[in-house]
Amino acid sequence: MRHRVAHRKLGRITPHRIALLRNLTVALFDKERIRTTLPKAKEVRSFAEKLITLARRDDDRLHARRLVARDIQDAAVVKKLFDTLGARFATRPGGYTRILRLGPRPGDGTEMAYLELVGYEYKPAGKEEKGKKAKGAEGKKGAKEEEQKPAAKKGGKKEAEAAAE
């Protein structure tokens, strides 16, 4: 029986498990949504929410930043956590993450899930963005042609003769 056992071992030795949790947490804070296995998502949720709670602190921000920096080595992610995410969750009493189950993975049947921060909005790269990129490319091409055409028209025979002399 697993009475009073605090966490999942995830089939790894302790230093490897801690490194895994740190890496997944950095990815979560950086991208705000990650796809992983369900047991890993459940473990990372607890780990990440403790760090977000530290980022919300108002009384001793330097000490909190140093405590977070023990687990997150990327300075840009620490800055984002304290400036953006800490401010976003300042009024929220907890529950900063959400787990969305995806079903079994085709290869081995492991249950997969999305772990995302609350307030994250999924923006698929669908038809709208592709259409905008295509229109943007056409717009640039059209602008180049317009620049070339007036120059050719302005020249005329007199300017061509002057340029030749």
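The values are calculated or read from the model by the stated rules, or taken from the named source; none is laboratory data. Owing to the predicted nature of the structure, the values given are computational and were not obtained by experimental measurement. Because the Cβ atoms are built from the backbone with ideal geometry, glycine has one as well, and the counts that use them run over all protein chains shown.
If you take the residues in the range 58-78 that are assigned to a loop (DSSP other than H, G, I, E, B) and without any contact (Cβ under 8 Å) to a residue 24 or more places away in the chain, which one is surrounded by the fewest Cβ atoms within 10 Å (Cβ to Cβ)?
59
Residue 81 versus (1) within 24 Å of residue 53 (Cα to Cα); (2) in contact (Cβ under 8 Å) with a residue 60 or more places away in the chain: which is the lone unmet condition?
In the conditions (1) within 24 Å of residue 53 (Cα to Cα); (2) in contact (Cβ under 8 Å) with a residue 60 or more places away in the chain, residue 81 misses (2) alone.
Got a sec? Which of 22, 35 is in contact with a strand residue (DSSP E or B) (Cβ under 7 Å, 6 or more places away or on another chain), at pLDDT 95 or above and assigned by TED's automatic domain parsing to the domain that holds residue 91?
Going through 22, 35 in turn, just one is in contact with a strand residue (DSSP E or B) (Cβ under 7 Å, 6 or more places away or on another chain), at pLDDT 95 or above and assigned by TED's automatic domain parsing to the domain that holds residue 91: 35.
Considering the range 1-51 alone, what residues qualify as being part of a loop (DSSP other than H, G, I, E, B) and under 23 Å from residue 80 (Cα atoms)?
Passing the criteria: only 32.
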